[in-house]
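First up is the structure itself, then whatever we jot down about it.
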């Protein structure tokens, strides 16, 4: 049960002592607090109110059960009722006024615990590790002196496609042994899959197949439970292509252990212990878990059932994986490279079944492949990736008056190594406007600025960062002509940024096609935009004096200390005559239009560390973390959304200020992880060596990092006896000083002790 010993208990819930679980006692939360479980194939969203959805492969195109993002009703698409001679109750708290449950969210599972005068009940929901099954494993103990005859009712509102209103007329159900088999032969991509629901137990059960109930498919089973006897029941929703073995309850108990072990393996390679416990909780599991289940594998959340891959999206997500799970990062890079057109541009997003998707004129998409490749090589020293050949795709070109189009694509016979893919991406974007800055196309990172059609200051900074990194790769490849040309391009862009993008105290955001500025002191709205300021520092191509002035302006105009948010831009678009694009359709202070867009806010934190402003960096980094917004019940009521995962945005409007937007499905999780591990704690891996570059509060006297690497464990202690924020005095490896102040990584080296003195 929740007690005062739990971490950051806000009255609704709190973290377990090790931070690996979030425990809810008061289940009537301001909005549904959700959890995501997936093995990369089958996945499910569940909530504290019993809502959610289950899917297979694609959370939009192949929903198994219905999805609703209604924060008021939080409708349940799968319901499990138990009933005896006197009572009927659900294993999850779908009755919204029932607050007798305790809910535990952990990595790969969720538990719903209910105790009353007659039963002890614990239901663990998980997806199997080796099969494509979602399991609700119920432990039920009869604590009375009487025999109980229990009926288990399992209801599922089946979709087997995109939309239940269309698919319900195509679903065919057939009973067989202990399961109900379901088909939708009109599901274009999954018609060969058999979906089923079933009930199994460690005792003999009698299974019935009930009639449909308000569109829910329904099976039930009956079981006898003796006094003080505990039984286990598994309600299973699964998918198979071929016939499967009739699995017993012991199989599912083992699968629960296996899925927990899998997540231990994925999440534990880097563990930290700092004076700030909320940082430990997020970095030691929740951020990477969010990246993998919601962004990489599920591509889903309570607020968005997307299913598609985004070119820029998952390539930024892998940045959280390069140090601890580099093979996953490599796989994603190669997969994305196969969605680049021969002309150099890429699909903005696509569904994996046929790879059809959106072709656009967005300019930053393709550059994220180059960025991810550079980061991957920096960490792993694996230059062989540059020579791996992957195919391009073919598809119709955009018409002159088209900014985007959903098109059919096919794999091209033409292919290149990843190095050539990257060069083609860079070449596609090296197009300049009248100020010598890169053309924005139909939008750069901010898709909402799709009506500027001029030049992007941010994109110009981003390209500078890309070129600086890629020039080193050109040198490695001995491609000296390209290296020299890119050096000239870098110099040209930098000169034009300094000449045309500086506004006196900060950097402009863009130029419209007609030459009008955006993000300038001349503007009444969007006078300043954060990402130009942050990337002036991250790219490090302009003077330190201007970098510092730009970040000071960001702090002055964009940081709202009362609500602990870092706005994307200010003032918000409202009545201005400027028409930057669909960003203006958002209410002022909401999402990109003057709220905190967390993705960009983290870049501001990174910029602070690069300017060695440690105290400010820590203050703003804590603003990013959901725990900081929900430490008390009053704060949680204001923030409203989950305290254990990053929110994509936090509103800045007066009546909504401080309220979190959609959670889970945001690239912010990856950047928050990267900023915490690398920029603040200073654990940097370059060319298979550990480099230490901390930027911490002066009052931190010591913190620890455990890094697991290919059979070796590096136990790192960073000591700060003189109260510094940055700088390393010496590094000791197993008691001996290392002259280079960096430690080469070794395979199968056992435990290594590293002491870093600031």
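The values are calculated or read from the model by the stated rules, or taken from the named source; none is laboratory data. Since we're looking at a predicted model, the values are computed, not measured. Glycine gets a Cβ as well: all are built from the backbone with ideal geometry, and neighbour counts include every protein chain shown.
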Task: Residues of the range 650-677 satisfying the condition of being without any contact (Cβ under 8 Å) to a residue 60 or more places away in the chain and either out of contact with any helix residue (DSSP H, G or I) (no Cβ under 6 Å at 6 or more places or on another chain) or closer than 24 Å to residue 381 by Cα (or both) - done: 655, 659
Task: One residue from 414, 455, 498, 487 being out of contact with any helix residue (DSSP H, G or I) (no Cβ under 9 Å at 6 or more places or on another chain) and either surrounded by fewer than 23 Cβ atoms within 10 Å (Cβ to Cβ) or in contact (Cβ under 8 Å) with a residue 24 or more places away in the chain (or both) - done: 414
Open item on the list: If residue 317 satisfies all but one of (1) buried (at least 21 other Cβ atoms within 10 Å of the Cβ); (2) not in a helix (DSSP H, G or I), what's the number of the condition it fails?
Closed with: (2)
Task: Number of the condition not met by residue 644 [criteria: (1) in a loop (DSSP other than H, G, I, E, B); (2) surrounded by fewer than 18 Cβ atoms within 10 Å (Cβ to Cβ); (3) in contact with a helix residue (DSSP H, G or I) (Cβ under 7 Å, 6 or more places away or on another chain)] - done: (2)
TODO: For residues that are farther than 23 Å from residue 191 by Cα, surrounded by 24 or more Cβ atoms within 10 Å (Cβ to Cβ) and within 22 Å of the chain's Cα centre (by Cα), tally how many sit in the range 48-77.
DONE: 3
Open item on the list: So for the range 425-448 (the condition being in contact with a helix residue (DSSP H, G or I) (Cβ under 9 Å, 6 or more places away or on another chain), within 23 Å of residue 381 (Cα to Cα) and surrounded by fewer than 18 Cβ atoms within 10 Å (Cβ to Cβ)), does at least one residue qualify?
Closed with: no
Open item on the list: Could you check the range 688-704 and list, in sequence order, the residues that are within 21 Å of residue 610 (Cα to Cα) and either buried (at least 16 other Cβ atoms within 10 Å of the Cβ) or under 28 Å from the mean Cα position of the chain (by Cα) (or both)?
Closed with: 689, 690, 691, 692, 693, 694, 695, 696, 697, 700, 703
Task: Conditions (1) under 30 Å from residue 25 (Cα atoms); (2) modelled with pLDDT of 95 or more; (3) surrounded by fewer than 23 Cβ atoms within 10 Å (Cβ to Cβ); (4) under 24 Å from the mean Cα position of the chain (by Cα); number of the one not met by residue 678 - done: (1)
TODO: Check 474, 422 and return the single one that is buried (at least 19 other Cβ atoms within 10 Å of the Cβ), free of Cβ contacts under 8 Å to residues at least 24 places away in the same chain, out of contact with any strand residue (DSSP E or B) (no Cβ under 7 Å at 6 or more places or on another chain) and closer than 25 Å to residue 333 by Cα.
DONE: 474
Task: Enumeration of residues in the range 320-347 that are surrounded by fewer than 24 Cβ atoms within 10 Å (Cβ to Cβ) and in a strand (DSSP E or B) - done: 341
- [ ] Mind counting the residues in the range 251-277 that are within 19 Å of residue 136 (Cβ to Cβ) and touching a strand residue (DSSP E or B) at 6+ places or on another chain (Cβ under 8 Å)?
- [x] 6
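Being part of a loop (DSSP other than H, G, I, E, B) and touching a residue at least 40 places away in the same chain (Cβ under 8 Å), is that true of even one residue in the range 280-294?
no
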Open item on the list: It is to be established whether one or more residues within the range 720-733 are loosely packed, with under 14 Cβ neighbours inside 10 Å, without any contact (Cβ under 8 Å) to a residue 24 or more places away in the chain and not in a loop (DSSP other than H, G, I, E, B).
Closed with: no
- [ ] Give just the number: which of (1) surrounded by fewer than 20 Cβ atoms within 10 Å (Cβ to Cβ); (2) touching a strand residue (DSSP E or B) at 6+ places or on another chain (Cβ under 8 Å); (3) closer than 20 Å to residue 12 by Cβ does residue 112 not satisfy?
- [x] (1)
Task: Single residue of the range 283-314 satisfying the filter (farther than 19 Å from residue 60 by Cα and out of contact with any helix residue (DSSP H, G or I) (no Cβ under 7 Å at 6 or more places or on another chain)) that is surrounded by the most Cβ atoms within 10 Å (Cβ to Cβ) - done: 286
Open item on the list: Given the condition in contact with a strand residue (DSSP E or B) (Cβ under 8 Å, 6 or more places away or on another chain) and surrounded by fewer than 21 Cβ atoms within 10 Å (Cβ to Cβ), answer yes or no: does some residue in the range 156-163 qualify?
Closed with: yes
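Out of 355, 364, I need the residue that is assigned to a loop (DSSP other than H, G, I, E, B), buried (at least 23 other Cβ atoms within 10 Å of the Cβ) and under 26 Å from the mean Cα position of the chain (by Cα). Which one?
On inspection, the qualifying residue turns out to be 364.
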